1. Taking A84, is it among the small types (G, A, S), surrounded by fewer than 20 Cβ atoms within 10 Å (Cβ to Cβ) and modelled with pLDDT under 85?
2. How many residues are in contact with a Leu (Cβ under 6 Å, 6 or more places away or on another chain) and part of a loop (DSSP other than H, G, I, E, B) when one looks only at the stretch 12-31?
3. Quick one: in the stretch 15-52, which of the residues that are aromatic (F, W, Y) and farther than 13 Å from A83 by Cα is most open to solvent (accessible area, probe 1.4 Å)?
4. Pick from L55, L9: which is touching a residue at least 40 places away in the same chain (Cβ under 8 Å) and open to solvent by 40 Å² or more (accessible area, probe 1.4 Å)?
Amino acid sequence: MTTFDTESLPPILTVRLPAMFAWEQDRPGGCRCACALFHNSKMVPTCTSPAEPGLLIRVETPAETSAPLPVCLGCYHQLAPRAA
C-alpha cells in the first residue's frame with residue numbers, strides 16, 4: 001500500500017457534478033468514488049477497493065459541496081486529470 005508523508009499529502013481533488021451523489025461502502029474505510037459518475041468508468045458503477053489514507057476528493061455541485069471523501073489510489077489517479 002502506498003502511503004504519503006503528512007507534510008507532502010496530495011491535494012484534495014474537486015469533482016464538479018450537476019447534482020450531489022453520495023456512495024458509501026458497507027464496510028468502513030472504503031473508497032467513496034462513484035466511478036460511473038466521477039470518472040465515466042464503464043466497468044463499475046462504484047468502487048469497492050479500500051481507501052488510501054490521505055487521498056481525498058470533494059464533490060461540488062451548484063448548490064453544495066461535500067466534505068472530503070477518501071478514495072483509493074486507482075480512482076485518485078483517474079480523477080486527477082478531470083478535477084477542477
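The values are calculated or read from the model by the stated rules, or taken from the named source; none is laboratory data. Keep in mind that what you see is a predicted model, and the values were worked out from it rather than measured. Note: ideal-geometry Cβ built from the backbone for every residue, glycine included; neighbour counts use all protein chains shown. With ligands, DNA and RNA removed, areas are computed over all heavy atoms of the protein, side chains included. Shrake-Rupley method; radii C 1.70, N 1.55, O 1.52, S 1.80 Å.
1. Against the criterion (among the small types (G, A, S), surrounded by fewer than 20 Cβ atoms within 10 Å (Cβ to Cβ) and modelled with pLDDT under 85), A84 qualifies.
2. Residues meeting the conditions: 2.
3. Among those that are aromatic (F, W, Y) and farther than 13 Å from A83 by Cα, it is F21.
4. Going through L55, L9 in turn, just one is touching a residue at least 40 places away in the same chain (Cβ under 8 Å) and open to solvent by 40 Å² or more (accessible area, probe 1.4 Å): L9.
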